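In what follows, a single structure is set out as structure tokens and then discussed.
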Amino acid sequence: MADLQPIIHIDTLMEELKTLAGISEADPPVVTRVVFSLADLRARIHVKELCLEAGLSVREDAVGNTFIRWEGLEPDLAPVATGSHIDAIPNAGAYDGVVGVLGGLEAIRSLQRAGYQPRRPIELVIFTSEEPTRFGIGCLGSRMLGGVLTPDQARILRDKHGDSLEVLRTEAGFRGELESVLLAPGHFHAFVELHIEQGALLERDGLAIGAVTHIAAPASLKVEIEGEGGHAGAMLMPDRHDALCGASELILALEAAAKSTGTIDSVATVGICEVFPGAVNSVPSKVRLETDIRDTDGARRDAVIAAMKSAAEEISQRRGVRIAFETVNADPPATCDPAIVEAVQTAAAASGLSSRRMVSRAYHDSLFVARFAPVAMIFIPCRGGVSHRPDEYSNPEWIAGGVEVLARTLAQLAK
Ligand code: GLV
Ligand code: MN
Ligand code: MN
């Protein structure tokens, strides 16, 4: 497809990114768009309108995954798909996920402008709740598409207010049986996700494109530490079983385990710590932690989890606190399809852009689409590697480059 020249309207795309960032539960520049919040629902309507303006058709499944289709000359062939998410964690920025959705739309429009006619249908997917904020589990929509989260497991999910996924998705207008969400192997001929790198390697090396070969293995465990509460003045130190002191030791033990693997590929984070009863003059009786543990190597990630659990046993005995774990998810890593990775690098070369192969340390919907279709990802630089923060930024040149490479890759795969 060397003769194809996708025409990217980057100014329009940057405006669209800005408008979408303004649909937020927080004041600009902060983007917070939790799944099924008013902001999420308004953002979905806005993006669907842009897609309809481009002459595309829209289908939504029972959990809100949205499939936007550019019909192919041979409509019965399996589609080539792209896409990402538009939900955003609290206090996020404007580019995570959104670049893959609005950039995916612009890739399609650029091919339309170039007069390209796909033989296979091209679909743009907006996945429901890539972020774990509301239901505690990431990639909710793509997990269900890939059969990694079953309808029965989905039906028991609740948010922190006790509202169930079942009620929330129905109120959001997504009805029908959850059983119908699953997609069969081969449903997509290929899937390519455009995303900001969320790391600093491309910018540091002055490269425009990362062709992702592997996606690291994520895991998340909830931990409950139960000790004994009491009066902060009257309860003497030798008598204490302070749940927060136990939790603190556990957090540090997890950090030490991730640091001791001998590779920077192991990472561990405790991003949630709730203390009960949460009064300054009361000894904490209960603490709830949520941990996020990842590695490019699944077995090494599991060894870090095992080290945390054995530290917990020791802390529990020494401090007289009870520590219980609940695994939310422990997913294997994914390997991208070598032919699509190659297509991405060929497309980068045809666009006059430098590229390298790299690993995704963040998880993405591609991790679960890989269960039923060959996948690859296109990374573009983001300033300072910053992500999941309001100052997340990717410049128009980087974004235009990623969209052009995506457009060329889609054209190649759909021809
Ligand atoms: C995705 O947002 C991740 O946490 O990797
Ligand atoms: Mn994210
Ligand atoms: Mn993302």
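Quick check on the stretch 280-300: of everything there that is of a type in the set (Gly, Ala, Ser) and either within 16 Å of ligand 3 (Cβ to nearest atom) or not in a helix (DSSP H, G or I) (or both), which residue is surrounded by the most Cβ atoms within 10 Å (Cβ to Cβ)?
Looking at the filtered set, the residue picked out is Ser285.
Suppose the filter is aliphatic (A, V, I, L, M), within 16 Å of Pro390 (Cβ to Cβ) and surrounded by fewer than 20 Cβ atoms within 10 Å (Cβ to Cβ); does Val58 pass it?
no
So which residues in the stretch 306-318 are crowded, with 18+ Cβ neighbours inside 10 Å and over 11 Å from Ser266 (Cβ atoms)?
Correct list: Met308, Ala311, Ala312, Ile315, Ser316.
Just to be sure I understand, how many residues within the stretch 168-192 are assigned to a loop (DSSP other than H, G, I, E, B) and not basic (Lys, Arg)?
So the count comes out to 14.
Residues of the stretch 78-116 being farther than 16 Å from Gly401 by Cα and under 13 Å from the mean Cα position of the chain (by Cα), which ones?
Matches in the stretch 78-116: Gly83, Ser84, His85, Ile86, Asp87, Ala88, Ile89, Ala92, Asp96, Gly97.
What is the residue count in the stretch 208-228 for residues that are within 16 Å of ligand 2 (Cβ to nearest atom) and under 16 Å from Ile380 (Cα atoms)?
Final tally of qualifying residues: 2.
Table: residues versus (1) touching a Leu at 6+ places or on another chain (Cβ under 9 Å); (2) without any contact (Cβ under 8 Å) to a residue 24 or more places away in the chain.
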position: Thr263; (1), (2): no, no
position: Val270; (1), (2): yes, yes
position: Cys273; (1), (2): yes, no
position: Pro277; (1), (2): no, no
position: Ser282; (1), (2): no, no
position: Thr291; (1), (2): yes, no
position: Asp297; (1), (2): no, no
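Looking only at the stretch 74-93, how many residues end up being within 23 Å of Leu367 (Cβ to Cβ) and within 16 Å of ligand 3 (Cβ to nearest atom)?
Total satisfying the criteria: 11.
Name the one entry in Leu50, Leu73, Leu56 that is more than 26 Å from Glu177 (Cα to Cα) and in contact with a Lys or Arg (Cβ under 7 Å, 6 or more places away or on another chain).
Leu73 is the lone residue from the list that is more than 26 Å from Glu177 (Cα to Cα) and in contact with a Lys or Arg (Cβ under 7 Å, 6 or more places away or on another chain).
Sort out for me the strands (runs of 3 or more DSSP E) sitting completely within the stretch 54-142 that have 3 or more residues that are of a type outside the set (S, T, N, Q), under 19 Å from Glu25 (Cα atoms) and at pLDDT below 95.
In the stretch 54-142, there are no strands (runs of 3 or more DSSP E) which contain 3 or more residues that are of a type outside the set (S, T, N, Q), under 19 Å from Glu25 (Cα atoms) and at pLDDT below 95.
What is the residue count in the stretch 95-127 for residues that are within 12 Å of ligand 3 (Cβ to nearest atom) and either hydroxyl-bearing (Ser, Thr, Tyr) or more than 13 Å from Gly83 (Cβ to Cβ) (or both)?
2
Looking only at the stretch 361-371, decide whether some residue is more than 17 Å from the chain's Cα centre (by Cα) and either within 16 Å of ligand 2 (Cβ to nearest atom) or at negative phi (or both).
Within the stretch 361-371, none of the residues are more than 17 Å from the chain's Cα centre (by Cα) and either within 16 Å of ligand 2 (Cβ to nearest atom) or at negative phi (or both).
Residue by residue through the stretch 207-244, note down the ones that are outside any strand (DSSP E or B) and either touching a strand residue (DSSP E or B) at 6+ places or on another chain (Cβ under 9 Å) or surrounded by 21 or more Cβ atoms within 10 Å (Cβ to Cβ) (or both).
Leu207, Ala208, Ala216, Gly227, Gly229, Ala232, Met235, Asp239, Arg240, Asp242, Ala243, Leu244
Within the stretch 394-410, is there a residue that is part of a loop (DSSP other than H, G, I, E, B) and at pLDDT 95 or above?
yes
Across the stretch 184-203, which residue is surrounded by the most Cβ atoms within 10 Å (Cβ to Cβ) among those that are among the small types (Gly, Ala, Ser) and away from ligand 1 (no atom under 16 Å from the Cβ)?
Among residues in the stretch 184-203 that are among the small types (Gly, Ala, Ser) and away from ligand 1 (no atom under 16 Å from the Cβ), the one surrounded by the most Cβ atoms within 10 Å (Cβ to Cβ) is Ala190.
Give the residue that is nearest to ligand 1 (Cβ to nearest atom), with candidates limited to residues of the stretch 138-150 that are in contact (Cβ under 8 Å) with a residue 40 or more places away in the chain and in contact with a helix residue (DSSP H, G or I) (Cβ under 7 Å, 6 or more places away or on another chain).
Looking at the filtered set, the residue picked out is Cys139.
Just the residues that are in contact with a helix residue (DSSP H, G or I) (Cβ under 8 Å, 6 or more places away or on another chain) and among the β-branched types (Val, Ile, Thr), please, taken from the stretch 284-300.
Of everything in the stretch 284-300, those that are in contact with a helix residue (DSSP H, G or I) (Cβ under 8 Å, 6 or more places away or on another chain) and among the β-branched types (Val, Ile, Thr) turn out to be Val287, Thr291, Ile293.
Taking Phe325, is it surrounded by 20 or more Cβ atoms within 10 Å (Cβ to Cβ) and of a type in the set (Phe, Trp, Tyr)?
no
Taking strands (runs of 3 or more DSSP E) that do not extend beyond the stretch 301-392, which have at least 3 residues that are within 16 Å of ligand 1 (Cβ to nearest atom) and touching a helix residue (DSSP H, G or I) at 6+ places or on another chain (Cβ under 7 Å)?
Hits in the stretch 301-392: 375-380.
The values are calculated or read from the model by the stated rules, or taken from the named source; none is laboratory data. What you see is a predicted model; the values in this text were computed from it and never measured. So basically every Cβ, Gly included, is an ideal-geometry build from the backbone, and we count neighbours across all protein chains shown.
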